[in-house]
Amino acid sequence: MSNNRRFPIFPIIIIVVIIALTIAIILWFKPNDSSVASSELASTATDNQDNNSALDMANPNNTATSTSQSNKPFVTGLENLPRSLQGTSIDGEIIIDENKQLVVTEGLRRLFDYFLSALGEEEESVIYARVESYIRNHTPEPAASQAVAIFNQYVVYLKALQGIEKRYGNLQLQATKSGELDLNVVAQQKQDVTRLRQQYFSKETITAFFGAEDDYNEYSTEMIRINQNDQLSAAQKEAAQQDYISRMPDNATKANITQQANLNELIDRTEQMKAKGATAEELYKMRRDLVGAPAAARLALVDQEDANFDQRFNQYQAQKQRLLSQGADPAQAQTQISQIEQQLFNEEERKRLSGYAALQQQKSTTPD
């Protein structure tokens, strides 16, 4: 299990996700691996660390966080992991070049966020010692000290970032009275965040840590801007959004957005075709054209499994209703119903029964 938590830069966009249909697509890919880390970091900073120690940590020359801060000395940094990290795979990476110099990547930031996600379970000093021990145990010099220095800067950046998020969050709540996001406030927040990053990181680190995040922010902001344009019809908004996506650079953000668009179309077309009684072969051809043959084959298998489950569920419901209508002793009837569940469904499927029954009931009472 990975612990990707980030994307603290535009939490206000999340506040208004229900405003526009486009935001449902946006949220699918929104990075989120440091928002929890930064919020917990800020909440514990007041109790555990004063301003002077924070400034010391921001100093690039202070490249080590002493394990004497903690009563738990570490060697690898992985000893006695907190409960939330136990059994998980370490997320992130430490890359060095042929001269043992640190190559800063987004994966380094994910590594920091992985350990920082345990704030609240462990004290700050313990986590800092753990991170430094992990870095030094897995990384040669000078890359190790370079990584520790950037971690120290990252910690203070996250604490300072909380102040910006809180200030602009309040402004946005005050400004958003018409049901729309104030993009001027968003732009001001972006400027302040940019200046804050420049205080703590080099240009190379900013690009590596936040480049993908910034690409996504630009995309999501433009989608909202288009959606809030009352001068455009729904068709014109759709065309403008597609035009913007087509002009985006070919990167991971664009690939994810395109993939999600295909997925949405796949879901819509599948529902429409099934409602019209499409055959399995017709569904396969449509899916193959949209997402490729391997995915189409997997979806066909899912259809078969769903159909099998539906058949067994209908059988279960019929037998259950028959027992309940016979007026038998309730305890005896429930025993027999439980036996039917055991016969027709495995353990995981039995957990779905109540929710699936409610869903089927909702479908039956919802007009077309």
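In the range 269-365, what is the count of Lys pairs whose alpha carbons are under 25 Å apart, counting only pairs at least 8 residues apart or on separate chains? Intermediate values should be presented prior to the final figure.
Details: K274/K285; K274/K363; K276/K285; K276/K363; K320/K351; K320/K363; K351/K363.
Lysine pair count for the range 269-365: 7.
Please give me the summed charge of the neighbours of Q198: other residues whose Cβ is under 14 Å from its Cβ, Lys and Arg +1, Asp and Glu -1.
+1
For V103, which sequence-distant residues (separation of 5 or more, or a different chain) have an amide H within less than 5 Å of its own amide H, given hydrogens modelled in the peptide plane?
Close amide H contacts, sequence-distant or interchain: I95, I96, D97.
Can you pull a Stokes-Einstein diffusion coefficient for the range 178-320 at 10 °C (1.306 mPa s), Rh from Kirkwood over Cα pairs, as a whole number of µm²/s? Intermediate results must be reported in sequence, preceding the final value.
On the way: Rh = 19.3 Å.
Estimated via Stokes-Einstein, D reaches 82 µm²/s.
Starting at the first residue of the range 281-295, write each ³J(HN,Hα) from the Karplus equation 6.51 cos²θ - 1.76 cosθ + 1.60 with θ = phi - 60°, in whole Hz, x for Gly and Pro.
Calculated HN-Hα couplings, in order: 5, 5, 5, 4, 4, 4, 5, 4, 5, 8, 10, x, 5, x, 5 Hz.
Spelling out what I want: for every residue of the range 115-132, take phi, set θ = phi - 60°, compute 6.51 cos²θ - 1.76 cosθ + 1.60 (Karplus), and round to whole Hz; glycine and proline get x.
Computed from phi, the couplings for the range 115-132 are 6, 5, 5, 8, 4, x, 8, 10, 5, 3, 4, 5, 5, 4, 5, 5, 5, 4 Hz.
Is the C-alpha gyration tensor of the range 269-365 telling us rounded, prolate or oblate? Criteria: a/c under 1.5 is rounded; beyond that, a/b larger than b/c is prolate, otherwise oblate. Display every interim value, and only then the final one.
Numbers: a/c = 3.53, a/b = 2.40, b/c = 1.47.
Verdict is prolate for the range 269-365.
Take R109, R322 and order them by how many other Cβ atoms sit within 10 Å, fewest up front. Could the numbers behind the result be given before it?
Values: R109 23, R322 11.
Taking fewest neighbouring Cβ atoms as first place, the list is R322, R109.
Considering only the other residues whose Cβ falls under 13 Å of the Cβ of P140, what net charge follows from Lys and Arg at +1 and Asp and Glu at -1? Don't skip to the end; give the middle numbers.
Working: positive: K100, R136; negative: D97, E98, E141.
So the surrounding residues net to -1.
Place the peptides 192-200, 129-137 in order of packing, highest mean first, counting for every residue the other Cβ atoms within 10 Å and averaging per peptide.
Working: 192-200: 15.3, 129-137: 22.1.
Sorting 192-200, 129-137 by mean packing, highest first, produces 129-137, 192-200.
No value in this document is a laboratory result; all are computed from the given coordinates. Here the structure is a predicted model, which is why all the values come from computation and not from measurement. Heads up, the Cβs are rebuilt from the backbone with ideal geometry, glycines too, and the neighbour counts pull from every protein chain shown.
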